[in-house]
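Inspection log for the structure reproduced underneath, given as structure tokens.
Taken together, the values in this text are just the output of simple stated rules run on the coordinates, not laboratory data. On a predicted model such as this, the values are computed, not experimentally measured, just so you know. Heads up, the Cβs are rebuilt from the backbone with ideal geometry, glycines too, and the neighbour counts pull from every protein chain shown.
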Amino acid sequence: MVVQETGGWRPTVSPQARALRRVVRLNEEIGYQIRRLMGLNETDYSAMSWLVRGPLGPTDLARALHVTTASATTVVDRLVRAGHAVREPHEQDRRRMTVRAVENSREEIRNHVVPMMDMVEEELALLDEPGRAAVLQFLSGTAERMETHLSQLREQSAQGAPTGSKEAGT
């Protein structure tokens, strides 16, 4: 990281890191556009991204979304009203409910996401085996480091450590 005279910072970034950041930003923008097309806000789309993997109970969905069960219930209410999800009795415990994404919404998400997955596979196919191995090594190593950083952030959060700094006099 390089400190500028103005007190700001500008990280020294390799072309590879810039390219990875570009992919992340494009993925975020594509997610935003998919949400717009489906009429979903960010939290509802995040819930759908969990529900397309399989039905979840309200508590599990709340945990996945990092929200309270009351907030998850509100999300589910919106998804059900919009026709993206249904509530169903739990398979083993009929007293409990699960939430499932309806097939039309699952298909709509799949129609937007699968082409991106195909693009990645097509790009990888242009590389020889050592190139694909280098990409895998880079992405796996980066993911491991990010997982470690995420664990550290979770620990700080669990300990109640403040995450921001306050300017003097404010």
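Among the conditions (1) of a type outside the set (A, V, I, L, M, F, W, C); (2) more than 30 Å from residue 137 (Cα to Cα); (3) over 14 Å from the mean Cα position of the chain (by Cα), the only one that residue 35 does not satisfy is (3).
Residues in the range 56-98 that are closer than 15 Å to residue 109 by Cβ and under 21 Å from the mean Cα position of the chain (by Cα): 3 in all. Residues that are touching a residue at least 40 places away in the same chain (Cβ under 8 Å), surrounded by 14 or more Cβ atoms within 10 Å (Cβ to Cβ) and in contact with a Phe, Trp or Tyr (Cβ under 8 Å, 6 or more places away or on another chain) number at least 2 in the following helices (runs of 4 or more DSSP H) confined to the range 1-114: 15-38.
Of the set (1) over 30 Å from residue 37 (Cβ atoms); (2) in contact (Cβ under 8 Å) with a residue 24 or more places away in the chain; (3) within 17 Å of the chain's Cα centre (by Cα), all apply to residue 138 but (3). On the stretch given as the range 83-122, residues that are of a type in the set (S, T, N, Q) and in contact with a strand residue (DSSP E or B) (Cβ under 8 Å, 6 or more places away or on another chain) total 2. All of 82, 64, 72 fail the test of being touching a helix residue (DSSP H, G or I) at 6+ places or on another chain (Cβ under 6 Å) and farther than 22 Å from residue 28 by Cα, apart from 72.
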